[in-house]
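Only one structure is covered here, and it is reproduced in the block below.
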Amino acid sequence: MSPQVLIDGIIAGSTIGLGAIGLTLTYSILRFANFTHGDFLAWGAYLTLTVSGFLGGLLAGLGIGDPLGPFSFGWGLPVSLLAGMALTVLLTLGLDKVLFGRLRRRGADAIIIVMASFGASMALRSLLEFIFTANPAYFTRELQIAQKIGMGMRATPDQMLTVGLTAVLVIALHVFVTRSSTGRAMRAVSENPGLAGVYGLDVQQVIRVTWIIGAALACVAGVMSGLLVQIRPYMGFDLLLPLFAAAILGGIGSIPGAMLGGLIIGLAEAVTVQVVGAEWRAGVAFVVLVLVLILRPSGLFGRRV
Amino acid sequence: MSLLRLRDFSAGYETDLPIVKHVDMDISRGEAVCILGPNGAGKSTLIKAIAGQVRCLGGSVHLADDDITNAPSHALARRGLGFVPQTENIFTQMTIRENMQIAAELLPKARRADQMQRLFDMFPDLKARPNTLAGALSGGQRQMLAAARALLTVPEVLILDEPSAGLSPKLVGQVFETLRQIRAAGVTLVLVEQNVRAALDLTERAVVLVDGRLAHDGPTDVLRDGKLLGELFLGSRHAEVVA
Ligand SMILES: Nc1ncnc2c1ncn2[C@@H]1O[C@H](COP(=O)(O)OP(=O)(O)OP(=O)(O)O)[C@@H](O)[C@H]1O
Ligand SMILES: [Mg+2]
């Protein structure tokens, strides 16, 4: 086995981990498995792509559209990413307003809300296919050469950037949740929403913050995946199983757990691709999921479940 | 004018199944009232509904001049209604200090540190180990933390659901000692209790709830010999409203 699987796994795991964090937060605070989360990744990528389409021409016109340093993209992408994150947040808040929030207020069972998310997922996916067609799209056509990064491993500058960005985001989020008063409120709602209200916390506000964080990270993960692989309407749906596997492996509600779970799934996939064959990649998350549910259903850092 | 005013108040978990039925009640500022009744009478349901944890199905509640019928719990907490549920009344996965900090956020920034210090001084058991997970506390200490959390925000009225339930006699004594201090500080107190004797000693007025309805409302002394209370609990006497 070549050491390259390590870096390949970490790169794939970064995307999975970022996506799984949103999933685990929604699960622990809204108490349902959100099947639309994968589509938030895809929508994040497409929304960012759309903005970058407008912006690209503009920046090129201004003569500042060239790629940044060793990377395959120019200023357009980071700026579009911020806009894409904001738009993805609006999408999820809108969806919560018209769908999930309504069910919640009516006191619907979790299973009803899960089913609703399943339906919304199909609708969101079809809408992407309708608007953007099923053909893959790309943020950039620039080719990147993988560079030696030591120990016989290679990675492109874009890949290294996504890994670095993931590390920064996860650490920042972890500090936010463990140190800030908003994070404390999130932990309170996740333990007992009724009591959180009694303590004076506005649970609806905490739910909004959760959507905002989950959607923003989903957009980043979608854009990273789109940058390193490609953008397709089904990209989020295809990531759904790895996302769930990572969130459950890490222990529902745990941010470091979801990230670690993502990395483990990513590594397991990379090893499988190299040892068994690329066609088995999609089955890896499934196998991990089944193993976790049998051996340690509460996950690595799990407290509840 | 009364501080807490219930009119034709009904509440329950399902729309067509009221548990608490047509209750009228007035509690004045500074008063201490205990709510008694057999198991399943709807005592917890009544105060949970006042605190926004169970839906009000009819009638109204007012806190001073504000209509708080079906107001969300967090708004009530901010409005000065302190509530301590019967069970699961602290965040077990957080430290004692974090439990206090969450509540402290209802206060203006400048007052938070002082007020927390004041409450810790009142509960030395908690003060000794602020970084302990609340889940690691004993039953009595948990009730202390729950009460301290509610008091931290200086509520106009404090509603407690069986704070002495499941505690050893010694701890029951401690809890009631704490309640006596709270009472002495002039906080309006509404207390649901099974520990009738201690509750009657602490409060000046008792409300008896039987099968979701008000069966008695009056000064505690008339209930002290236990005969009337026994009759009320068994349902052989109804709606004797002395107030
Ligand atoms: N969460 C709930 N959902 C549905 N029904 C409930 C719920 N909690 C209580 N009830 C019902 O409401 C009725 C009154 O219960 P409640 O807890 O208010 O009584 P209580 O007077 O506080 O009793 P206890 O002295 O045992 O605490 C009971 O018949 C109970 O079955
Ligand atoms: Mg009760």
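Read the figures in this text as sums done on the coordinates, not as results from a lab. These numbers were taken from a predicted model, which means no experiment stands behind them. For neighbour counting, all protein chains shown are included, and Cβ atoms are generated from backbone atoms with ideal geometry for every residue, glycine included.
The C-alpha atoms of chain A define a longest principal axis, and helix A:37-62 lies at about 40 degrees to it. Dipole magnitude for the range B:4-242: about 720 debye, using +1 per Lys or Arg Cβ and -1 per Asp or Glu Cβ, origin at the Cα centre. Taken over the C-alpha atoms, the range B:4-242 has Rg and Dmax values of 17.5, 55 angstrom.
Bridge orientation summary for the range B:4-242: considering DSSP beta bridges with both residues in this region, about 50 percent are antiparallel. The Cα center of the range A:86-151 and the Cα center of the range A:21-72 differ in position by 11 Å. Would you please give the FRET efficiency between B:SER168 and A:LEU82, computed as 1/(1 + (r/R0)^6) with r the Cβ-Cβ distance and R0 = 41 Å, to the nearest 0.05? Plugging the Cβ-Cβ distance into 1/(1 + (r/R0)^6) gives 0.10.
Highest mean first, the peptides A:22-34, B:11-23 sorted by other C-beta atoms within 10 Å per residue fall in the order A:22-34, B:11-23. Take each residue in A:199-208, count the other chain C-beta atoms within 10 Å of its C-beta, and the mean is 5. Computed over chain A, the Cα gyration tensor eigenvalues convert (square root of 5λ each) into semi-axes of 30, 24, 18 Å, ordered from largest to smallest.
Packing, taken as the mean count of other beta carbons within 10 Å per residue, orders the peptides B:49-59, B:29-39, B:131-141 from highest to lowest as B:49-59, B:29-39, B:131-141.
Summarised in one figure, the compactness ratio Rg/Rh of the protein assembly as shown, Cα atoms and Kirkwood Rh, is 1.09.
For A:GLY74, nonlocal amide neighbours, meaning residues 5 or more places apart or on other chains whose placed amide H falls under 5 Å from its own, are A:LEU68.
Between A:MET115 and A:ARG141, the contour length at 0.36 nm per residue exceeds the alpha carbon distance by 5.5 nm. Here the peptides B:202-214, A:255-267, A:43-55, B:105-117 are ranked by packing, the mean other Cβ count within 10 Å, and the order with the highest first is A:255-267, A:43-55, B:202-214, B:105-117. Note on the protein assembly as shown: with charges restricted to the Cβ of Lys and Arg (+1) and Asp and Glu (-1), its dipole about the Cα centre is near 680 debye.
With a 10 Å cut-off around each Cβ of B:71-80, the average count of Cβ atoms from other chains is 4. Inter-chain Cβ neighbour count for A:189-197, averaged per residue, equals 6 (cutoff 10 Å, partner chain atoms only). Counting other Cβ atoms within 10 Å as a rough exposure proxy, the listed residues A:TRP211, A:TRP280, A:TRP75 run A:TRP280, A:TRP75, A:TRP211 from fewest neighbours to most. 3J(HN,Hα) along the range A:87-92: 5, 5, 4, 4, 4, 5 Hz, from the Karplus curve 6.51 cos²θ - 1.76 cosθ + 1.60 with θ = phi - 60°, whole Hz, x for Gly and Pro. Given +1 at the Cβ of Lys and Arg, -1 at the Cβ of Asp and Glu and no other charges, the dipole of the range A:4-295 around its Cα centre is 620 debye to the nearest 20. Using the Cβ-Cβ distance between B:MET1 and A:ARG106 with R0 = 45 Å, the FRET efficiency computed as 1/(1 + (r/R0)^6) comes to roughly 0.75. Per-residue ellipticity at 222 nm, computed for chain B from helices alone with -39500 (n - 2.57) per DSSP H run of at least four residues, works out to -10500 deg cm²/dmol.
With 0.36 nm allotted per residue and the present C-alpha distance subtracted, the B:ASP65-B:ASP225 stretch has 53.9 nm of extension available.
Taken over the Cα atoms of the range B:59-172, the convex hull encloses 115 Å³ per residue. Annotation: the range A:4-99 has a Kirkwood hydrodynamic radius of 15.3 angstrom, from the mean reciprocal C-alpha pair distance. Calculated mean residue ellipticity at 222 nm for chain A: -24500 deg cm²/dmol, from DSSP H runs with n ≥ 4 weighted as -39500 (n - 2.57), summed, divided by the residue count and rounded to 500.
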